[in-house]
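The values are calculated or read from the model by the stated rules, or taken from the named source; none is laboratory data. Everything numeric in this text was worked out from a predicted model, so none of it was measured. Cβ placement follows ideal geometry from the backbone for every residue including glycine, while neighbour counts extend to all protein chains displayed.
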Amino acid sequence: MDKPTLVPLLLISFDIDGTMTFGDPPGPVPVSFVHAAIDAGHVVGCASDRTRSAQLALWSEHGAAIQFAGHKHQLTALRERFPAAVRFIHVGDTHVDERYATAAGFEFWHVDGAAAFLAHDWLDFNHLGPGPRASDAQQDARH
Ligand SMILES: [Mg+2]
(Lines give C-alpha, C1' and ligand atoms only; values in the text may rest on other atoms or scores of the structure.)
Protein backbone atom coordinates (compact mmCIF):
# COMPACT_ATOMS: atom_id res chain seq x y z
CA MET A 1 0.00 0.00 0.00
CA ASP A 2 1.17 3.52 -0.69
CA LYS A 3 2.40 5.72 2.11
CA PRO A 4 -0.33 7.99 3.47
CA THR A 5 -0.17 11.42 1.99
CA LEU A 6 0.06 14.16 4.58
CA VAL A 7 0.22 17.12 2.26
CA PRO A 8 -1.82 18.14 -0.76
CA LEU A 9 -0.34 16.12 -3.54
CA LEU A 10 0.37 17.77 -6.85
CA LEU A 11 0.91 15.90 -10.06
CA ILE A 12 3.18 17.92 -12.33
CA SER A 13 3.95 16.88 -15.88
CA PHE A 14 6.82 18.56 -17.69
CA ASP A 15 7.29 18.81 -21.42
CA ILE A 16 10.97 18.66 -22.48
CA ASP A 17 11.74 20.51 -25.72
CA GLY A 18 11.24 24.24 -25.36
CA THR A 19 10.45 23.70 -21.67
CA MET A 20 13.40 22.20 -19.82
CA THR A 21 16.87 23.77 -19.98
CA PHE A 22 18.14 20.47 -21.36
CA GLY A 23 15.50 20.37 -24.10
CA ASP A 24 16.04 20.96 -27.81
CA PRO A 25 15.53 23.85 -28.06
CA PRO A 26 16.31 24.69 -24.44
CA GLY A 27 13.52 26.13 -22.34
CA PRO A 28 13.58 28.15 -19.12
CA VAL A 29 12.87 25.44 -16.51
CA PRO A 30 15.99 24.10 -14.77
CA VAL A 31 16.02 20.49 -13.61
CA SER A 32 16.44 21.78 -10.04
CA PHE A 33 12.70 22.64 -10.06
CA VAL A 34 11.91 19.05 -10.86
CA HIS A 35 14.21 17.80 -8.14
CA ALA A 36 12.57 20.17 -5.66
CA ALA A 37 9.09 18.95 -6.56
CA ILE A 38 10.16 15.32 -6.22
CA ASP A 39 11.86 16.04 -2.88
CA ALA A 40 8.67 17.70 -1.68
CA GLY A 41 6.88 14.40 -2.30
CA HIS A 42 4.83 15.32 -5.33
CA VAL A 43 4.14 13.13 -8.33
CA VAL A 44 6.40 14.37 -11.09
CA GLY A 45 6.82 13.11 -14.59
CA CYS A 46 7.06 13.87 -18.25
CA ALA A 47 4.73 14.20 -21.20
CA SER A 48 6.66 14.90 -24.38
CA ASP A 49 6.70 14.15 -28.09
CA ARG A 50 9.84 12.10 -27.61
CA THR A 51 9.59 8.32 -27.21
CA ARG A 52 9.04 7.07 -23.69
CA SER A 53 12.42 5.36 -23.60
CA ALA A 54 14.14 8.55 -24.76
CA GLN A 55 12.32 10.52 -22.06
CA LEU A 56 13.33 8.08 -19.32
CA ALA A 57 16.95 8.07 -20.47
CA LEU A 58 17.10 11.86 -20.52
CA TRP A 59 15.60 12.31 -17.06
CA SER A 60 17.84 9.61 -15.67
CA GLU A 61 20.82 11.39 -17.19
CA HIS A 62 19.75 14.47 -15.21
CA GLY A 63 19.29 12.54 -11.99
CA ALA A 64 15.51 12.96 -11.78
CA ALA A 65 13.55 9.89 -10.64
CA ILE A 66 10.29 10.69 -12.39
CA GLN A 67 7.18 8.61 -11.76
CA PHE A 68 5.65 8.65 -15.22
CA ALA A 69 6.63 9.30 -18.82
CA GLY A 70 4.63 9.19 -21.99
CA HIS A 71 3.03 11.09 -24.79
CA LYS A 72 0.84 14.09 -24.19
CA HIS A 73 -2.33 12.33 -25.27
CA GLN A 74 -1.80 9.94 -22.33
CA LEU A 75 -2.24 12.63 -19.69
CA THR A 76 -5.83 11.57 -19.08
CA ALA A 77 -4.74 8.16 -17.80
CA LEU A 78 -2.68 9.83 -15.08
CA ARG A 79 -5.78 11.08 -13.36
CA GLU A 80 -6.84 7.48 -12.79
CA ARG A 81 -3.35 6.25 -11.98
CA PHE A 82 -2.70 8.88 -9.29
CA PRO A 83 -6.13 9.55 -7.74
CA ALA A 84 -4.59 11.01 -4.57
CA ALA A 85 -3.36 14.08 -6.43
CA VAL A 86 -5.45 17.18 -5.83
CA ARG A 87 -4.07 19.20 -8.73
CA PHE A 88 -2.95 18.05 -12.14
CA ILE A 89 -0.60 20.42 -13.91
CA HIS A 90 1.16 20.24 -17.26
CA VAL A 91 4.01 22.65 -17.97
CA GLY A 92 4.76 23.15 -21.64
CA ASP A 93 5.52 25.65 -24.36
CA THR A 94 3.07 25.12 -27.21
CA HIS A 95 -0.58 25.02 -28.21
CA VAL A 96 -0.27 21.25 -28.42
CA ASP A 97 0.63 21.16 -24.73
CA GLU A 98 -2.30 23.39 -23.92
CA ARG A 99 -4.72 21.35 -26.00
CA TYR A 100 -3.81 18.00 -24.47
CA ALA A 101 -3.59 19.41 -20.94
CA THR A 102 -7.01 21.01 -21.20
CA ALA A 103 -8.55 17.91 -22.77
CA ALA A 104 -7.24 15.81 -19.86
CA GLY A 105 -8.59 18.24 -17.27
CA PHE A 106 -5.12 19.45 -16.34
CA GLU A 107 -4.12 23.00 -15.53
CA PHE A 108 -1.88 24.24 -18.35
CA TRP A 109 1.03 26.36 -17.26
CA HIS A 110 2.82 28.03 -20.10
CA VAL A 111 6.52 27.57 -19.55
CA ASP A 112 7.44 31.26 -19.59
CA GLY A 113 5.16 32.03 -16.69
CA ALA A 114 5.82 28.72 -14.98
CA ALA A 115 9.56 29.21 -14.75
CA ALA A 116 9.20 32.48 -12.90
CA PHE A 117 6.35 31.13 -10.81
CA LEU A 118 8.25 28.06 -9.72
CA ALA A 119 11.39 30.09 -9.05
CA HIS A 120 9.37 32.21 -6.66
CA ASP A 121 7.55 29.40 -4.87
CA TRP A 122 9.78 26.42 -5.44
CA LEU A 123 10.38 25.76 -1.74
CA ASP A 124 6.69 25.52 -1.00
CA PHE A 125 4.97 23.54 -3.68
CA ASN A 126 2.18 22.67 -1.25
CA HIS A 127 1.01 26.23 -1.10
CA LEU A 128 1.17 27.13 -4.73
CA GLY A 129 -1.58 29.46 -5.69
CA PRO A 130 -3.21 29.37 -9.09
CA GLY A 131 -0.51 28.92 -11.67
CA PRO A 132 0.22 31.21 -14.58
CA ARG A 133 -2.78 31.17 -16.88
CA ALA A 134 -2.43 30.10 -20.43
CA SER A 135 -4.00 33.34 -21.56
CA ASP A 136 -1.19 35.29 -19.86
CA ALA A 137 1.28 33.66 -22.16
CA GLN A 138 -0.83 33.31 -25.25
CA GLN A 139 1.45 35.40 -27.41
CA ASP A 140 4.48 33.33 -26.44
CA ALA A 141 2.60 30.11 -27.06
CA ARG A 142 2.05 31.14 -30.68
CA HIS A 143 5.77 31.13 -31.43
MG1 LIG B 1 7.76 21.57 -26.18
In segment 76-87, is there at least one residue being assigned to a helix (DSSP H, G or I), in contact (Cβ under 8 Å) with a residue 24 or more places away in the chain, over 14 Å from Gly131 (Cβ atoms) and within 15 Å of the ligand (Cβ to nearest atom)?
-> no
How many residues of segment 88-102 are part of a strand (DSSP E or B) and within 16 Å of the ligand (Cβ to nearest atom)? The answer is 4
Could you list, in sequence order, all residues of segment 89-115 that are among the hydrophobic types (A, V, I, L, M, F, W, C) and out of contact with any strand residue (DSSP E or B) (no Cβ under 8 Å at 6 or more places or on another chain)?
-> Val96, Ala103
Checking Gly23, Gly105, Gly18 in turn, the sole residue that is outside any strand (DSSP E or B) and touching a Pro at 6+ places or on another chain (Cβ under 6 Å) turns out to be Gly18
From the list Phe106, Phe117, pick out the single residue that is surrounded by 14 or more Cβ atoms within 10 Å (Cβ to Cβ), free of Cβ contacts under 8 Å to residues at least 40 places away in the same chain and hydrophobic (A, V, I, L, M, F, W, C).
-> Phe117
For segment 108-143, which residues satisfy the criterion of being outside any loop (DSSP other than H, G, I, E, B) and either among the charged types (D, E, K, R) or at pLDDT 90 or above (or both)?
-> Phe108, Trp109, His110, Val111, Asp112, Asp121, Asp136, Asp140
Write out, first by first residue and then by second, each pair whose Cβ atoms fall under 9 Å of each other, whose residues are 6+ apart or on separate chains, and whose first residue, in segment 32-45, is without any contact (Cβ under 8 Å) to a residue 40 or more places away in the chain while the second is hydroxyl-bearing (Ser, Thr, Tyr).
-> Gly41/Thr5; Val44/Ser13; Gly45/Ser13
Can you tell me which residue within segment 34-64, out of those that are within 16 Å of the ligand (Cβ to nearest atom) and in contact with a Phe, Trp or Tyr (Cβ under 6 Å, 6 or more places away or on another chain), is farthest from Arg81 (Cα to Cα)?
-> Cys46
So which residues in segment 28-54 are small (Gly, Ala, Ser), modelled with pLDDT of 95 or more and touching a helix residue (DSSP H, G or I) at 6+ places or on another chain (Cβ under 9 Å)?
-> Gly45, Ala47, Ser48
Condition check for Gly63: over 11 Å from the mean Cα position of the chain (by Cα), surrounded by fewer than 16 Cβ atoms within 10 Å (Cβ to Cβ) and at positive phi | yes
Kindly establish whether Phe14 is away from the ligand (no atom under 16 Å from the Cβ), crowded, with 16+ Cβ neighbours inside 10 Å and modelled with pLDDT of 95 or more.
-> no
